[in-house]
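S.K.: Encoded as structure tokens, here's the structure I'll be asking about.
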Amino acid sequence: MKILIVEDEPKTGDYLKQGLCETGFVVDLVRDGLDGVHQALTDNYDLIVLDVMLPKLDGWQVLQRIRQAGKHMPVLFLTARDQIEDRVKGLELGADDYLVKPFAFSELLARVRTLLRRGKSNEPELLQVADLELDLLRRRVTRARKRIDLTAKEFALLELLLRRQGEVLPRSLIASQVWDMNFDSDTNVIEVAMRRLRAKIDDDFEPKLIQTIRGMGYVLEISES
């Protein structure tokens, strides 16, 4: 699960990132509202922890821009502003929860897990394109009703491609989302994994679904050839 923290106070931001990483989450941290909007709109997050009083854009504006762009991941406001009208404003703008500073990390973690469970319940159980189906609950993949056995990384890679089908995904994004690592141009781990995945879901089937866009990345869509 991937979380974005938008927090300009260095100690609080670093504390949150360390605590959530140690709990098993993948965490990105940015320090101002503009970077928060950019990250939220260019990457896929399961949850955003958002301060209100931020430089460049405040938390209200960040949330408005995220929602206007059609992003519906849960947002938890974390702020020193404890007035009732502030809480009401945040919730009316589309926040899912509101926690006042100072806070206990155990309470924040409980709220994060609750929001993530709630968000999961709204997700589709089945992802599909053409005759390829990925069942998220049963962790099963079939093509033309034939069961396909994938490793955990291959399943995660295919899930990413299906969730963002039709979108060209650069290797750097695939590396961060599936392997939780910064992209290193000297490694061919992505090419190897993609080749193995293709062998399982494309080689014996038509139409071909995983396309290579030279110099850009990979996309999952029905080939016209």
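Just so it is clear, none of the values below were taken in a lab; they were calculated from the coordinates. Here the structure is a predicted model, which is why all the values come from computation and not from measurement. All Cβ positions, glycine included, derive from the backbone under ideal geometry; neighbour counts span all protein chains shown.
S.K.: What longest region of the chain stays clear of trypsin sites (Lys or Arg not before Pro) that DSSP places outside H, G, I, E and B and that have at most 13 other Cβ atoms within 10 Å?
M.R.: Here the longest segment lacking exposed loop sites spans 1-137.
S.K.: Determine ³J(HN,Hα), in whole Hz, for all residues of the stretch 135-148 in sequence, where each value follows from phi through the Karplus function 6.51 cos²θ - 1.76 cosθ + 1.60 and θ = phi - 60°; x replaces Gly and Pro.
M.R.: 8, 5, 6, 8, 6, 10, 10, 9, 9, 6, 6, 9, 5, 10
S.K.: Now for a different question. Full-extension gain between Thr114 and Leu136, please, as 0.36 nm times their residue separation minus the C-alpha to C-alpha distance.
M.R.: 6.0 nm
S.K.: Explain nothing, just compute: Karplus ³J(HN,Hα) = 6.51 cos²θ - 1.76 cosθ + 1.60, θ = phi - 60°, for every residue of the stretch 199-206 in order, whole Hz, x for Gly and Pro.
M.R.: Once θ is set to phi - 60°, the couplings for the stretch 199-206 become 4, 8, 10, 10, 4, 9, 9, 10 Hz.
S.K.: Kindly provide the GluC sites (Glu not before Pro) of the stretch 55-155 that DSSP labels as loop, not H, G, I, E or B, and whose Cβ sees at most 16 other Cβ atoms within 10 Å. The partial results should precede the final answer.
M.R.: Values: sites: Glu85, Glu92, Glu107, Glu125, Glu133, Glu154; in loops: Glu125.
Here the sparse-neighbourhood loop sites are Glu125.
S.K.: Can you give the local net charge around Asp82? Use residues other than it whose beta-carbon is closer than 13 angstrom to its beta-carbon, Lys and Arg +1, Asp and Glu -1.
M.R.: Spelling it out: positives minus negatives among the neighbours equals +2.
S.K.: Can you list the lysines whose alpha carbon is less than 24 Å from that of Lys89, not counting same-chain residues fewer than 8 positions off?
M.R.: Lys56, Lys71, Lys101
S.K.: Further, regarding this structure: Share of antiparallel DSSP beta bridges in the chain, in percent to the nearest 5?
M.R.: Given both bridge residues lie in the chain, the antiparallel proportion sits at roughly 50 percent.
S.K.: Which loop-located chymotrypsin sites (Phe, Trp or Tyr not before Pro) does the stretch 1-103 contain, where loop means any DSSP state but H, G, I, E or B and the Cβ has at most 15 other Cβ atoms within 10 Å?
M.R.: Loop-located and lightly packed - Phe103.
S.K.: Now a separate question. Report the gain in length on full extension from Met1 to His38: 0.36 nm times residue separation, minus Cα-Cα distance, nm rounded to one decimal.
M.R.: Value of the extension gain: 11.4 nm.
S.K.: Further, regarding this structure: Below 25 Å, Cα to Cα, which lysines can Lys200 reach? Residues fewer than 8 away in the same chain don't count.
M.R.: Cross-link targets: Lys146, Lys153, Lys208.
S.K.: Along each of its three principal axes, how wide is the spread of alpha-carbon positions in the chain, in whole angstrom units, largest first?
M.R.: Result, largest extent first: 61, 37, 32 Å.
S.K.: Which ³J(HN,Hα) values, rounded to whole Hz and listed in residue order, are derived for the stretch 26-33 from phi using the Karplus coefficients 6.51, -1.76 and 1.60 in 6.51 cos²θ - 1.76 cosθ + 1.60 with θ = phi - 60°, glycine and proline given as x?
M.R.: Result, rounded to whole Hz: 8, 10, 10, 10, 10, 10, 8, x.
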